Amino acid sequence: MASSIAAPPSRLRQGAGSRGAWARGAWSDVTVLGVLRGVATVMLAAFIFFACFAFSDTSPYDLVAIPTILLWLCLGIRIKRGILPMVVLLLLYVGAIVVGLMPYLDEALPVAWTIQLAYLAVTGAFFAMVFSDETTSRVELALKAYTASCLFSAVLGILGYFGVIGREGLFMVYGRAAGTFKDPNVFGSFLTLGALYLMHGLFAGTSRRPVLSLAGLIVLMAAIFLSFSRGSWGGSLVAIAVMVVAIYRTSPSGALRRRIVVLTAMALCTGVLAIGALFLVGDTAETFAKRAAVTQDYDEGETGRFGNQLRGLNMLVEAPLGLGPLRWRNTFALEPHNSYLGSFANGGWLGGAVFIGLVLATGFVGFRLMSRASPYRRHAQIVWPALLMFFVQAVQIDIEKWRHVYMMLGMVWALEAARLTWLAGGGDDHAATADRPR
């Protein structure tokens with residue numbers, strides 16, 4: 001009887017030996033390089049997630065940046081041909097700012113501002129290098145991490161706006177939702193890329209969890225609205241329109257196009273109803289009425305934002321080297337609130353020309369990525385409209401110090417580098433349609 005329920009000692013020894021062999025085999029597949037790659041991937045996701053922490057000039061994003069960049073450099077990322085134009089333009093832009101800084105090296109603020117700008121340019125180049133290899137999987141990971149970051153900040157912003165948590169200056173600023181940002185304008189614009197990621201999955205039918213994606217999208221759109229940022233409202237509408245048109249034009253079937261039209265109509269109706277419901281809460285309607293005006297008090301008059309820009313433009317025509325970093329405020333007591341004008345003020349004619357050249361070159365690459373068949377078109381249809389929104393907003397706000405803009409910039413150029421590599425390898429139709437969520 002005992003023999004029927006107990007394995008012979010020889011079998012026990014054999015089973016133990018098999019398990020030991022399996023364990024040794026499993027561990028033999030684990031290499032130091034593999035562990036480092038895993039750690040680097042986790043750090044990259046954390047790096048991107050921490051972009052939402054913008055209470056101050058220094059955030060967890062910056063603390064994670066240096067070790068993440070160094071680790072990935074040790075793992076062998078490199079500058080590919082496709083991202084070289086972006087890297088060169090960033091170098092020229094920072095170089096022009098440094099030249100403008102020369103007469104003011106004894107002033108702490110201009111020096112610190114220029115160092116921060118150079119650091120952000122490095123992060124832009126880093127993102128381009130990282131995402132140009134294993135592009136689909138790495139960009140998908142980045143967009144998931146970024147969307148999680150958006151949702152985290154959006155929830156805090158909504159709860160702060162309705163007084164559930166926080167106080168004035170924490171999660172809410174000037175009676176507007178601000179989340180984990182100190183400026184509601186930056187908060188609202190930051191959320192757009194996350195909203196586009198969720199929306200693209202719903203429109204194209206590639207979302208694996210459509211109910212959760214829809215719930216997340218509603219949260220993000222509500223937070224964008226409650227930021228009461230005119231730039232975020234207008235920029236988000238432009239980005240959504242560009243993305244939806246791109247999806248519609250590149251859709252392979254009539255059924256998918258009809259789906260896009262129906263979902264767009266439903267989204268518009270739902271958005272109107274949701275905004276109407278929000279108007280019934282607190283002083284939302286009053287704040288909206290104030291913020292929806294085309295101009296505010298600080299925009300108008302000779303010493304307002306637009307008046308300063310006109311007067312400053314005349315000054316810059318006669319200043320080939322510009323005014324120097326952060327010198328605009330010394331003359332007009334305000335920042336330019338226009339990154340195109342600011343690039344000329346900070347870096348002279350060269351800095352301004354390079355900044356405009358970077359925007360135009362990125363626009364050419366972005367629209368081509370969105371329209372031409374490749375394994376990277378789906379991600380381009382998400383990332384480029386979001387970055388385009390920031391380039392449009394740059395007309396009325398200073399974006400050159402926004403961390404996430406450099407991530408998107410690097411991502412767009414990485415997608416272009418990956419597309420060129422794919423073409424060089426004789427890209428095929430199957431690969432062009434194989435890009436789906438992992």
Which FRET efficiency value, to the nearest 0.05, is calculated for D283 and L170 with the Förster distance at 22 angstrom and r the Cβ-Cβ distance? 0.70
Rounding to the nearest 10 and keeping the result within 0 to 90°, find how far the Cα-based axis of helix 403-424 lies from the longest principal axis of the chain. 60
Tilt of helix 108-131 relative to the longest C-alpha principal axis of the chain, in degrees (0 to 90, nearest 10)? 40
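Taking the number of other C-beta atoms within 10 Å as the exposure measure, put I224, I165 in order starting with the fewest. Spell out each step's value before the answer.
Working: I224 26, I165 13.
Fewest to most other Cβ atoms nearby, the residues stand as I165, I224.
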Ranking of S253, S213 by count of other Cβ atoms within 10 Å, fewest first: S253, S213
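Regarding the range 80-432, what's the average projected area of the Cα-atom convex hull, expressed in nm²?
Numbers: hull surface 73.4 nm².
Average projection, Cα convex hull of the range 80-432: 18.4 nm².
Could you compute the FRET efficiency for L256 and F364, with r as their C-beta to C-beta distance and R0 at 35 Å, rounded to 0.05?
My answer for the efficiency is 0.80.
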One can check that the equivalent ellipsoid of the range 342-409, built from the alpha-carbon gyration tensor with semi-axes equal to the square roots of five times its eigenvalues, has lengths in Å, largest first, of 25, 13, 9
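Kirkwood Rh, the range 27-76, all Cα pairs: how many Å?
Values: mean 1/r = 0.0847 Å⁻¹.
One decimal place: 11.8 Å for the Kirkwood radius.
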Quickly rank 93-103, 61-71 as a protection proxy: mean count of other C-beta atoms within 10 Å, highest first. 93-103, 61-71
With label points built 7 Å along Cα→Cβ from the Cα atoms of L36 and N314, find their separation and express it in nm. 6.0
Kirkwood radius from Cα pairs of the range 36-110 plugged into Stokes-Einstein at 4 °C, 1.567 mPa s, gives D in µm²/s equal to 86
Separation of alpha-carbon centers, the range 338-371 and the range 96-140, rounded to whole Å: 15
Rg(Cα) of the range 190-266 divided by 2.2 N^0.38 Å? 1.10
Report the relative contact order of the range 27-76, percent, no decimals, based on alpha-carbon pairs under 8 angstrom and at least 6 residues apart. 35
Base-10 log of normalised Debye intensity for the range 42-156 (one unit scatterer per alpha-carbon) at q = 0.11, 0.12, 0.16 Å⁻¹: -0.44, -0.52, -0.87
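No lab work stands behind these numbers, since they all come straight from the coordinates. As the structure is a prediction and not an experimental result, all values here were calculated from the model. So basically every Cβ, Gly included, is an ideal-geometry build from the backbone, and we count neighbours across all protein chains shown.
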